[in-house]
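The values are calculated or read from the model by the stated rules, or taken from the named source; none is laboratory data. Since the model is a prediction, treat every value here as computed from it, not as a measurement. Neighbour counts are summed over all protein chains in view; Cβ atoms, including those assigned to glycine, are modelled from backbone coordinates with ideal geometry. Accessible surface is based on the protein model in full, side chains and every heavy atom, while ligands, DNA and RNA are left aside. Shrake-Rupley method; radii C 1.70, N 1.55, O 1.52, S 1.80 Å.
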Amino acid sequence: MRQKPKVTRTAAERNTQVTHTSVERRVELARAKVNLTLHVTGQRPDGYHLLDSLVAFPQIGDRLCAEPADRLELIINGPFARNLDGPAEENLIVKAVAAFAKSSGIPAPKLRIDLTKRLPVASGIGGGSSNAATMLRLLEDITGQYLAEDTLHELALSLGADVPVCLNQEPQIMTGIGDVIRQGPQLPKCGIVLVNPKVEVSTPDVFRSMARRDNPAMPLMPEVFESPDHLASYLATCRNDLQEPAISLCPEIDSTLSALEGSDHIKLARMSGSGATCFGLCEQEEALEVERALRASFGNWWIAAGALT
Ligand code: C5P
């Protein structure tokens, strides 16, 4: 059996909320992936776009629980369960199990996997990618088959461009098509409010609607952001290049940004990924107050508040 590589950390050691209810049952939070910036800097001949993006993983996510069973089974509950009504084998979690077994040369593990789908699907916060990445990490812990980090990275990439960055749910900078990842800056204690107007946007359609694909990369970034104001003032010099094309396809995104910007506590509001979810940054103590105020005015929207890291 391959030795556990030094760089691989157990779920408990990583920056994720973990509960071990028994030796064999694992529960983990698959955090939302928020693109604090998303610069599109070019396009590859195969059509994929080159990105420069600062990504954070707030304490808001789906709940993933896995335990040994007599067959592989995925059970989906939670407020957005009905948005994932396709065949189980098309779910990224099940694909991750099959890909992991193939890569590590073991039979597909027999597991009961419970997903509590709290994040809206196809919403620019990488819910499916985060589920798949979290499943890969859980599989390592459950099977004891720890893959080399580069093997795990390739496996994640085969499941989707955004899956590798979700393997370590810490601030990171993504370049390439999202597959070249480096450690991000130290982020301050900060609150975040995520808002989705409950509309799904197609990622390929948003990329296709871009007017320019050769935009400048992010300006030089400090290694440490001292405060939410420091972070917001840097982010104000950056962009999400998919925001404008997404708004042209889905005007509700503009209303979502206006709602966030209407709050006195919000220091910066922007769309994440290809939308439609938008985020607002504020002091950590004020995030719940912003969430409550938005809920009072926009009862039909999905709104969640939490700590940025
Ligand atoms: O790989 P993933 O399923 O996350 O990407 C969804 C779609 O988004 C791709 O099929 C592609 O059209 C577009 N995309 C892109 N450039 C990227 C990532 C995604 O054009 N870097």
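For the chain, adding -39500 (n - 2.57) for each run of n ≥ 4 DSSP H residues and dividing by the number of residues yields -8000 deg cm²/dmol at 222 nm. Just check region 101-184 against the gyration tensor rule for me: Cα atoms, a ≥ b ≥ c as the square roots of the eigenvalues, rounded for a/c under 1.5, and otherwise prolate or oblate depending on whether a/b exceeds b/c. Because a/c hits 1.5 or more and a/b fails to exceed b/c, region 101-184 counts as oblate. Size of region 217-256 from its Cα atoms: along the principal axes, largest to smallest, the extents are 36, 21, 11 Å. As a calculated quantity, the FRET efficiency between Arg82 and Arg292 at R0 = 25 Å, using C-beta atoms, amounts to about 0.45.
Here is the result for region 70-131: no GluC sites (Glu not before Pro) lie in DSSP coil with at most 13 other C-beta atoms within 10 angstrom of their C-beta.
Using only alpha-carbon positions in the chain, the gyration tensor eigenvalues give semi-axes of 31, 21, 19 Å once each is multiplied by 5 and square-rooted (largest first). Using the 1.4 Å probe convention, the accessible area of region 185-307 works out to 47 Å² per residue with neighbouring protein chains retained. Once all protein chains are placed together, Thr134 keeps about 10 Å² accessible to a 1.4 angstrom probe. A straight Cα-to-Cα reach below 16 Å connects Lys110 with the aspartates and glutamates Glu24, Glu67, Asp70, Glu73, Glu89, Glu140, Asp141, residues fewer than 8 places away in its own chain not being considered.
Measuring against 26 Å, Cα to Cα, the residue pairs Lys117/Lys267; Lys102/Lys198; Lys33/Lys198; Lys33/Lys189 contain Lys117/Lys267; Lys102/Lys198 as the ones spanning a longer distance. Here the chain has 48 percent of its accessible surface on carbon and sulfur atoms, given a 1.4 Å probe and all protein chains in place. Taking square-rooted eigenvalues a ≥ b ≥ c of the alpha carbon gyration tensor, is region 185-307 rounded, prolate or oblate, where a/c under 1.5 means rounded and, failing that, a/b exceeding b/c means prolate? Oblate.
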